[in-house]
Amino acid sequence: MAPRPAWKGYLKLSLVTCAVELTNVVTHSERISFRVLNRKTGNTVKRVYVDAETGKPVGDSDEIKGYEVDEGAFVHIEEDEIEAVRVESSNMMSLDGFVDKSSIQQIYLDTPYYLSPADKVSQDAFAVIRDAMAARKKAGLARIVLYRRERPVLIEPLGKGMVLTTLRYDSTVRQPDTVFEDIKAVKTDKEMIELAEHIIDKKAARFDPSKFDDKYEEALLELIRAKKAGRKAPKAKAAARPSNVVNLFEALKQSLAADNDGGAKTGKAGKTTKGKATKGRAATEKASARTSSSRKTA
């Protein structure tokens, strides 16, 4: 069954318009979900809205949204009044500007969606817009009302379709300096950086999302299987605490030496050439010489 579109509307480039639809990139169908039960009866429970003052349940027909304009004073807003609020981006995404994807900081990227033509009539115009952006290696900026919020979006070609990524507003993003301001400036040692670079080279890999698995989800499944079979819940193994690094230079040297002892390997995860292995050994030997020299000086 085809996934249900999250949004339907139009994509516009100047006078060129085509009908499009958004589809969620992420699916949560495989995730484990729990129901809340009454411990005494085993029955499922349901949430009910109650009046904060009287404590009595409130029926669906009596529920209404309210916006607090003063303490305890609300403006009542009906659902059909919200539905009637329309701006251009409610059903039209106008491509107003084009940028290099790399010019957008990662912290502004939010949620990705697949963007595709909504019908056969729109496929030609959709392909023209897609291929023109691909030829110029540009991504388009637009706006869309999604889940009752207008959001800036980034649109870029992806195979036969396109991918739309919602962007965060600048006012909602904490700037890095506000979080990193307490990190002290450190003058790093050139040889230690070289050792770390060699370790990175040894572990160079190609991104393969199929290699990632959800360990926590697997542990939950194991818990469920055990309980279903009448077994005791498996005991969690305490994670080993890493030891404190007393000598960073020595730790880097030993890390590189351990990788070199494994030999030069080539595989899907990454490539390690004999040349890199030789450089790695040279870096280790250089580090050893430096350590010995330091000890003699001391």
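For GLU218, GLU156, give me the order by solvent-accessible area with a 1.4 Å probe, most accessible first, ignoring ligands, DNA and RNA. Before the final figure, lay out each step's value.
Details: GLU218 85, GLU156 35 Å².
The residues order as GLU218, GLU156, largest area first.
Which of rounded, prolate or oblate describes region 165-217 when judged by the alpha-carbon gyration tensor and an a/c cut-off of 1.5? Verdict is oblate for region 165-217.
Think of each Lys and Arg Cβ as +1 and each Asp and Glu Cβ as -1; about the Cα centre, that makes the dipole of region 65-110 roughly 380 debye.
Using only the Cα atoms of region 61-156, build the gyration tensor, take square roots of its eigenvalues as a ≥ b ≥ c, and label the shape rounded, prolate or oblate: rounded if a/c is under 1.5, else prolate if a/b is larger than b/c, else oblate. It is prolate, given that a/c is not under 1.5 and a/b is the larger ratio. The largest accessible area among LEU37, LEU11 belongs to the first residue in LEU37, LEU11, and the rest follow in falling order (1.4 Å probe, all chains).
Which order do you get for LYS215, LYS65 if you rank them by accessible area with a 1.4 Å probe, largest at the top?
Numbers: LYS215 130, LYS65 95 Å².
Heavy-atom accessible area, descending, gives LYS215, LYS65.
All C-alpha to C-alpha distances of region 1-115, sorted into 10 Å bins beginning at zero, yield P(r) values of 9, 20, 25, 28, 14, 4, 0 percent in whole numbers. Any idea which of ALA226, ILE199, TYR216 is furthest toward the positive side of the dipole for region 174-236, if Lys and Arg beta-carbons carry +1 and Asp and Glu beta-carbons -1? Farthest along the dipole direction, towards plus: ALA226.
Accessible surface for ILE104 stands near 30 Å², nearest 10, in the context of the full protein assembly shown (1.4 Å probe).
Kindly identify region 6-69 as rounded, prolate or oblate by the Cα gyration tensor criterion: order the square roots of the eigenvalues as a ≥ b ≥ c, call it rounded if a/c is under 1.5, otherwise compare a/b with b/c, prolate if a/b is larger, else oblate. Present the calculation step by step, with values, prior to reporting the outcome.
Numbers: a/c = 4.64, a/b = 1.66, b/c = 2.80.
Here region 6-69 falls in the oblate category.
Report, in listed order, any pair from LYS202/LYS237; LYS8/LYS65; LYS101/LYS160; LYS46/LYS228 with a Cα-Cα distance greater than 21 Å. Provide the component values of the computation, followed by the final result.
Numbers: LYS202/LYS237 30 Å; LYS8/LYS65 26 Å; LYS101/LYS160 19 Å; LYS46/LYS228 24 Å.
From LYS202/LYS237; LYS8/LYS65; LYS101/LYS160; LYS46/LYS228, over 21 Å: LYS202/LYS237; LYS8/LYS65; LYS46/LYS228.
The values are calculated or read from the model by the stated rules, or taken from the named source; none is laboratory data. Only a predicted model underlies this, so the values are computations on that prediction, with no experimental measurement involved. Cβ: placed from backbone, ideal geometry, glycine included. Neighbour counts: every protein chain shown. Surface areas here come from the heavy atoms of the whole protein model, side chains and all, with no ligands, DNA or RNA. Shrake-Rupley method; radii C 1.70, N 1.55, O 1.52, S 1.80 Å.
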